[in-house]
Amino acid sequence: MPCVATLRQPSRRAAAGEATAVDELLHVALSRPAEAVRRAERVLDAQPEVRVASIAHQTIGIVRRDNGDLALARRELRASLRLARRSGDQQRVADVLATLGAALVMAGATARGFAHLEEAVHLAHGETLARVRMRFAYLLRAVGRHEEALQEVNGALVGIRRSGDRVWEARALNSRGLVHLGRGDVARAERDLDCAYALFTAEDQALEAAFAVHNRGVTAYSRNDVPLALRLLAEAGRSYERLAHFTPDLAIDRSSILLAVGLTGEAVESIETALRTDALQPPKRAELLLILAGALLARGEPEHAERHAAAAVNLFRRQRRRYWLTKARLAVAQARFAQGRVDGRLYRQVSMLAEELEGLRVEEASLAHLLAGRVGVGQDLDGHESHLLAAARYRRAAAPLSQVTGWLAQAMLCEARGEHRGAMAACTRGLEALTDYCAVFGTMEFRALGTRHGLELATIGLRLALRKGDARALLTAGERSRALSLTFPPVAPEADLQAVSELTALRELQRRTDDALASGAATTALQRERRSLEGAVRSKKLMLRAGGRREHRFDLAALTEHLDGSSLVELVEVGDVLQAVVVTGRQVRLREVGPRQSAVTALGTARFTLHGIGRGVPLPFPPRVGEDLQSALLGPAADLLGPGPVVVSPPARFHGTPWGLMPALAHRPVSVTPSAALWVRAQRATAPAGRRVVLVGGPRLDGGELELRALRARYPSATVLHGADATVERVLDALDGAWLAHLATHGVFRPDNPMFSSLTLYDGPLTVHDLERLRRPPYRIVLSACDSGTGSPTGAEELLGLQSALIGLGTAGIASSVAEVNDRATIRLMVDLHAALSSGLGLPQALCDARRAAGGSPVERATAAAFMAFGV
């Protein structure tokens, strides 16, 4: 179709009729764009008079612009402008100039775009002037000139309301909502966007209603409601897909949220997919490159981050977008700092960026001031205190993550000044703000990922406590940042039903994959489908809201009361050194254990030994493996233990330690816990009134039937699920509210995605996500499966896996293995364990008795050492 149709000269009456028919095209362009293009093309095919043809070309140009085809959009809009000038209608000329100006700014030709808009303002009056000013405001906001944008949009809104045009009123409110958001006024932004959505819906403007929903998602994120933000963005995305509309803003905004919650891999994938899109406006390409730089920096790739941030700098400079240019320069500086390229020049550059961002009144100024403070402290440069003071002001900000940044700056400032008490108080307040941030998430995975934002605050707190030599302070500081994700009540199971269909599909997919592997068929497509389904489950989980406020904070008095003759060892990493805090009676003592790397090496050796023997490798049991493990992980702290049971709270990376291998712990009850606070919670847990027992057997387990038969004799009234009866849904139903559950199954630990770690049942894997659907988790559970006690360290000091999920749900005691185990050797250990449990002993004592009764062969000793008791 030619850009400018051949024109006829109609009669005045015919021209008026055509004008009336075409008047609504510009509205339809932003409600039903595909229909608008078809109608505009039919108008042009009829060879209309010039004013009508101008409107038709403008309509096509708007649709092409918003779909990212800026070259074709500019051609159509220039044709529209030539026709408008020929029509002699100056208001038509002004309207097209404003539309073309917007398209030019979107294409990166900022100066020419604003020149067109200024000409439009000069020509326009009345209702047309109001519309031009509204578009002027939109573009001012896009380049970061928020105060000017607010002035323009307020003036535009007065004129638009005077005209009575509800669609343009909605557009102005939508634009003003974004301006308020850019200024940090979230409440006003939400009010305007809600009104805009209502008006767009009432006027049947489907696409623009989707824009308003999208923008409400961005405002929800600004006030830390991540689940609502993602739900709204997903709703907008479905509308865009239905209307065949592409917008890179959806990828930009969703990736920003994924990055904030710690899903850096997903963020990078989403951004790179958007960057491969052909119809991508240059300004959006620049914004995507900047977000990609941030994602790569968070993923630990500062060199790549710097390269993409520098590319964004070049684009923003050509586009004359000062606000975005300043942000991109800050990203370059952050990447250089992460590479250790720190000197006075970097300090001066970041100082200037901080002042520029302050002038723009945006919260990124806090990050610039904090970075300048870091560089200044490290280089002992004058003026660094002023930057830390400026960053510390943001501890009063509305957004919790901005508060965390502010309290971190305050802690650094106080530490640099030698103000120990003030620094500790700042660490405490900052971690409380982080708790508020994590509190919105309805699943432990995203709470765990969120804790990474508090890692530096936790490190400062631990360092200060150790410097003071205060064992109680070090214990308290360690507890403050440990296993935060497990201390919130679970969401109501009915709120989590949205992910059930994908989990069911995953089980069916696993069955098909197993069949393909058994027949030697390729599984590449099936694995790709699995990743897609897992992503869908994760996305739905991220939209869940928390079930309530945090529970079970650390209380030293409650801990000492419940220990009652037991000893607690809490291991804490400070720098590269492992420290041990030992609580016996009312004594709290501190001992340095040794280098962290020595502990990592000793644990690796121990686990390698247990794995080898568990697989049937004919190895002797190394006599020194337990002694080396004890020396590296307990050191002199072993000498402080009392004669009774021991509770061990290790850092997340050492949670899978076979503590029973250590000579000091081999013959006493040992309970492992993610934190002392969670151990106290387990002590306070109330067992169900009925002593209902559930026994579950999974498929393809050597000796599984023998194990269940032996346990059925111990528990004759137990619910037994085996073979085709042991499906995920039936097992979950049986587990709910049980006093004791025993699951003899194969276990699969997924270090790449620990929430999909699973136990193998008849119809497929029972994952962590499935366990989160339990209303009342079993009071005690025995997982007779390989690696069922293994977890993946995440965030600050968090752990994700089967066992940690059950702890978070409220299970008081778990017996599980931290290594591969021999199936037949496990049977006798489990029989002895349940004999002790049924006599009334707690789980740690019962497992200790079973370990003592184990045979002396390497396989039996390794199997006994691989099982640990978590909780009570």
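The values are calculated or read from the model by the stated rules, or taken from the named source; none is laboratory data. The structure displayed is predicted, hence computed values, not measured ones. No Cβ is skipped: glycine too gets one built from the backbone with ideal geometry, and neighbour counts run over all protein chains shown. Ligands, DNA and RNA are stripped out before the accessible areas are found, and what is left, the full protein with its side chains, is counted by its heavy atoms. Shrake-Rupley method; radii C 1.70, N 1.55, O 1.52, S 1.80 Å.
Within the range 821-853, the residues that satisfy the criterion of being open to solvent by 50 Å² or more (accessible area, probe 1.4 Å) and not in a helix (DSSP H, G or I) are Ser839, Gly840, Leu841.
To keep it simple, each residue is scored yes or no on (1) hydroxyl-bearing (Ser, Thr, Tyr); (2) touching a residue at least 40 places away in the same chain (Cβ under 8 Å).
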residue: Ser54; (1), (2): yes, yes
residue: Arg65; (1), (2): no, yes
residue: Asp69; (1), (2): no, yes
residue: Arg75; (1), (2): no, yes
residue: Ala84; (1), (2): no, no
residue: Gly88; (1), (2): no, no
residue: Thr128; (1), (2): yes, no
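For the range 643-665, the set of residues classified as part of a loop (DSSP other than H, G, I, E, B) and either open to solvent by 20 Å² or more (accessible area, probe 1.4 Å) or of a type in the set (S, T, N, Q) (or both) consists of Pro643, Pro645, Thr657, Pro663, Ala664, listed by residue number. Screening Gly856 with (1) open to solvent by 40 Å² or more (accessible area, probe 1.4 Å); (2) modelled with pLDDT of 90 or more gives one miss only, at (2). Within the range 91-120, the set of residues being more than 30 Å from Asn314 (Cβ to Cβ) and either among the basic types (Lys, Arg) or open to solvent by 50 Å² or more (accessible area, probe 1.4 Å) (or both) comprises Arg92 only. When Leu735 is tested against (1) surrounded by 23 or more Cβ atoms within 10 Å (Cβ to Cβ); (2) out of contact with any Pro (no Cβ under 9 Å at 6 or more places or on another chain), only condition (2) is not met.
Each residue in the range 679-719 was checked for being more than 21 Å from Arg773 (Cα to Cα) and of a type in the set (A, V, I, L, M, F, W, C), and 10 of them qualify.
This table checks each residue for (1) in contact (Cβ under 8 Å) with a residue 40 or more places away in the chain; (2) part of a strand (DSSP E or B); (3) surrounded by 19 or more Cβ atoms within 10 Å (Cβ to Cβ).
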position: Arg553; (1), (2), (3): yes, no, no
position: Gly565; (1), (2), (3): yes, no, no
position: Glu570; (1), (2), (3): yes, yes, yes
position: Thr601; (1), (2), (3): no, no, no
position: Thr609; (1), (2), (3): yes, no, yes
position: Pro623; (1), (2), (3): no, no, no
position: Glu627; (1), (2), (3): no, no, no
position: Gln630; (1), (2), (3): no, no, yes
position: Pro636; (1), (2), (3): yes, no, no
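So how many residues does the range 471-490 have that are assigned to a loop (DSSP other than H, G, I, E, B), open to solvent by 10 Å² or more (accessible area, probe 1.4 Å) and hydroxyl-bearing (Ser, Thr, Tyr)?
Step one: list which residues in the range 471-490 are assigned to a loop (DSSP other than H, G, I, E, B), which gives 481, 483, 487-490.
Filter once more, keeping what is open to solvent by 10 Å² or more (accessible area, probe 1.4 Å): 481, 489-490.
After this cut, where a residue has to be hydroxyl-bearing (Ser, Thr, Tyr) as well, the list is 481.
Number of matching residues: 1.
Restricting attention to the range 111-124, the residues that are farther than 25 Å from Leu181 by Cβ, in contact with a Lys or Arg (Cβ under 9 Å, 6 or more places away or on another chain) and at pLDDT 90 or above add up to 2. Exactly one residue out of Leu357, Leu346 is under 23 Å from Glu148 (Cα atoms), aliphatic (A, V, I, L, M) and open to solvent by less than 20 Å² (accessible area, probe 1.4 Å): that is Leu357.
Checking each residue of the range 307-315 against the condition of being touching a residue at least 60 places away in the same chain (Cβ under 8 Å), more than 24 Å from the chain's Cα centre (by Cα), open to solvent by 40 Å² or more (accessible area, probe 1.4 Å) and under 23 Å from Arg329 (Cβ atoms) gives no match. Residues of the range 125-155 that are over 21 Å from Arg183 (Cβ atoms) and open to solvent by less than 10 Å² (accessible area, probe 1.4 Å): Ala130, Val132. Evaluation of Arg321 against the conditions (1) open to solvent by less than 20 Å² (accessible area, probe 1.4 Å); (2) closer than 18 Å to Gln281 by Cβ; (3) touching a Leu at 6+ places or on another chain (Cβ under 8 Å) shows that the sole unmet condition is (3).
Before we move on, is Ala53 under 48 Å from the mean Cα position of the chain (by Cα) and open to solvent by less than 30 Å² (accessible area, probe 1.4 Å)? No, not satisfied. Within the range 859-871, being of a type in the set (A, V, I, L, M) and surrounded by fewer than 24 Cβ atoms within 10 Å (Cβ to Cβ) holds for one residue alone: Val859.
Assess whether Gly88 counts as being closer than 24 Å to Val43 by Cβ, open to solvent by less than 10 Å² (accessible area, probe 1.4 Å), at pLDDT 90 or above and not polar (S, T, N, Q). So Gly88 fails the test. Taking the criterion of being assigned to a helix (DSSP H, G or I) and of a type in the set (Phe, Trp, Tyr), the residues of the range 437-467 that qualify are Tyr437, Phe446. Checked against (1) more than 23 Å from Glu798 (Cα to Cα); (2) surrounded by 19 or more Cβ atoms within 10 Å (Cβ to Cβ); (3) not charged (D, E, K, R), Val617 meets all criteria but (2).
Within the range 466-476, at least one residue is among the hydroxyl-bearing types (Ser, Thr, Tyr) and over 25 Å from Ala260 (Cα atoms).
Would you confirm whether or not the range 695-712 contains a residue that is in contact with a Leu (Cβ under 8 Å, 6 or more places away or on another chain), among the charged types (D, E, K, R) and surrounded by fewer than 22 Cβ atoms within 10 Å (Cβ to Cβ)? Within the range 695-712 (the criterion being in contact with a Leu (Cβ under 8 Å, 6 or more places away or on another chain), among the charged types (D, E, K, R) and surrounded by fewer than 22 Cβ atoms within 10 Å (Cβ to Cβ)), the answer is yes, since at least one residue qualifies. May I ask you to list the residues in the range 178-230 that are open to solvent by 30 Å² or more (accessible area, probe 1.4 Å), touching a residue at least 60 places away in the same chain (Cβ under 8 Å), under 23 Å from Val440 (Cα atoms) and charged (D, E, K, R)? Scanning the range 178-230 gives a single hit, Arg223. Test Leu228 against the stated conditions and say whether it is in contact with a Gly (Cβ under 8 Å, 6 or more places away or on another chain), closer than 26 Å to Glu272 by Cα, at pLDDT below 95 and assigned to a helix (DSSP H, G or I). Spelling it out, Leu228 is indeed in contact with a Gly (Cβ under 8 Å, 6 or more places away or on another chain), closer than 26 Å to Glu272 by Cα, at pLDDT below 95 and assigned to a helix (DSSP H, G or I). Scanning the range 666-684 for residues that are farther than 23 Å from Glu573 by Cα, within 38 Å of the chain's Cα centre (by Cα) and buried (at least 17 other Cβ atoms within 10 Å of the Cβ) turns up Pro669, Arg681, Ala682, Gln683.
Annotation note: of Val646, Val694, Val672, the sole residue that is closer than 30 Å to Gly723 by Cβ, touching a strand residue (DSSP E or B) at 6+ places or on another chain (Cβ under 7 Å) and β-branched (Val, Ile, Thr) is Val694.
Candidates in the range 773-804 are the residues that are acidic (Asp, Glu) and open to solvent by 10 Å² or more (accessible area, probe 1.4 Å); of these, the one that is nearest to Pro658 (Cα to Cα) is Asp787.
Being of a type outside the set (Asp, Glu), in a helix (DSSP H, G or I) and over 30 Å from Gly795 (Cβ atoms) is true for just one of Ala220, Ala210. Which residue is that? Full working, then the answer.
Numbers: Ala220 fails: over 30 Å from Gly795 (Cβ atoms).
Within the list Ala220, Ala210, the selection yields Ala210.
Every test in (1) open to solvent by less than 10 Å² (accessible area, probe 1.4 Å); (2) at pLDDT below 95 is passed by Arg691 save one, and that test is (1).
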